[in-house]
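The values are calculated or read from the model by the stated rules, or taken from the named source; none is laboratory data. What you are looking at is a predicted structure, and each value in this text was computed from that prediction instead of being measured. Reconstructed Cβ throughout: ideal geometry from the backbone, glycine too, with neighbour counts over all protein chains shown.
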Amino acid sequence: MSFIHLTIFIEAPPERVFDLARSVDVHKYSMTSYGEQIVKGTMTGLMGLNDEVTWKAKHLFRERVLRVKISELKRPDYFADEQVEGDFKLMKHEHYFKPAKNGTIMIDQFRFETKKGWIGKLFSQLYLEKYMTRLLTERNNMIKKIAESNQWKQFLEK
């Protein structure tokens, strides 16, 4: 199983960062270059416990569909989303939010396993882990940018 651990400091309160991280609108905005769109489920706003969303996007040269569900949630400290349907054999993304002086430490722990046996493991090691790390880093940097500016209001004050 592959494991990615990312940490980023954000100069904003944990509640704001937590809500931005579970906003489907922020996710869609951060993945604009991949053409991610929602095809079913939570279409806008914040995802809550047991909410599902189905994403469609072009990744790795083909269109992909991924349905995820918020499986655990404790505001403003933690939430997890897991694949319900998609290309992975298993996928779990845990999000932690730790208060810090002048902001929040946001931690991502992303676990996944491919369906293709030893070929999938080799592909994960040689390429997919780097690709997923880049995607998650792009998303985290966008959350940071939004949370540290007045732009966060357009996503959370509706």
- Mind listing just one residue for me: the one in the stretch 58-74 that is more than 19 Å from ILE38 (Cα to Cα) and of a type in the set (D, E, K, R) and, of those, nearest to the chain's Cα centre (by Cα)? GLU72
- Item | Residue among LYS121, LYS58, LYS28 that alone is at negative phi, in contact (Cβ under 8 Å) with a residue 24 or more places away in the chain and not in a loop (DSSP other than H, G, I, E, B) | LYS58
- Task: Take ILE107 and decide whether it is part of a strand (DSSP E or B), out of contact with any Cys (no Cβ under 7 Å at 6 or more places or on another chain) and surrounded by fewer than 17 Cβ atoms within 10 Å (Cβ to Cβ).
- Result: yes
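Looking at ASP81, is it assigned to a helix (DSSP H, G or I), in contact with a strand residue (DSSP E or B) (Cβ under 9 Å, 6 or more places away or on another chain) and of a type outside the set (Val, Ile, Thr)?
Details: assigned to a helix (DSSP H, G or I): no; in contact with a strand residue (DSSP E or B) (Cβ under 9 Å, 6 or more places away or on another chain): yes; of a type outside the set (Val, Ile, Thr): yes.
It is false that ASP81 is assigned to a helix (DSSP H, G or I), in contact with a strand residue (DSSP E or B) (Cβ under 9 Å, 6 or more places away or on another chain) and of a type outside the set (Val, Ile, Thr).
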- Exclusive hit being at pLDDT 90 or above, part of a helix (DSSP H, G or I), of a type outside the set (Asp, Glu) and within 19 Å of the chain's Cα centre (by Cα), set LYS145, LYS153: LYS145
- Note on the structure: Checked the stretch 39-55 for anything out of contact with any His (no Cβ under 9 Å at 6 or more places or on another chain), outside any loop (DSSP other than H, G, I, E, B) and surrounded by 15 or more Cβ atoms within 10 Å (Cβ to Cβ); matches are GLY41, LEU46, GLU52, THR54
- Task: Out of the residues in the stretch 1-25 that are assigned to a strand (DSSP E or B) and among the β-branched types (Val, Ile, Thr), state the one that is surrounded by the most Cβ atoms within 10 Å (Cβ to Cβ).
- Result: ILE10
- Message: Can you pull out every residue in the stretch 108-155 that is of a type in the set (Ser, Thr, Tyr) and under 15 Å from VAL17 (Cβ atoms)?
- Response: SER149
- Which residue pairs have Cβ atoms under 9 Å apart, sit 6 or more places apart or on different chains, and have a first residue in the stretch 4-22 that is closer than 8 Å to PHE97 by Cβ and a second that is among the polar types (S, T, N, Q) and at pLDDT 95 or above? PRO14/THR104; VAL17/THR104; PHE18/THR104; ALA21/ASN140
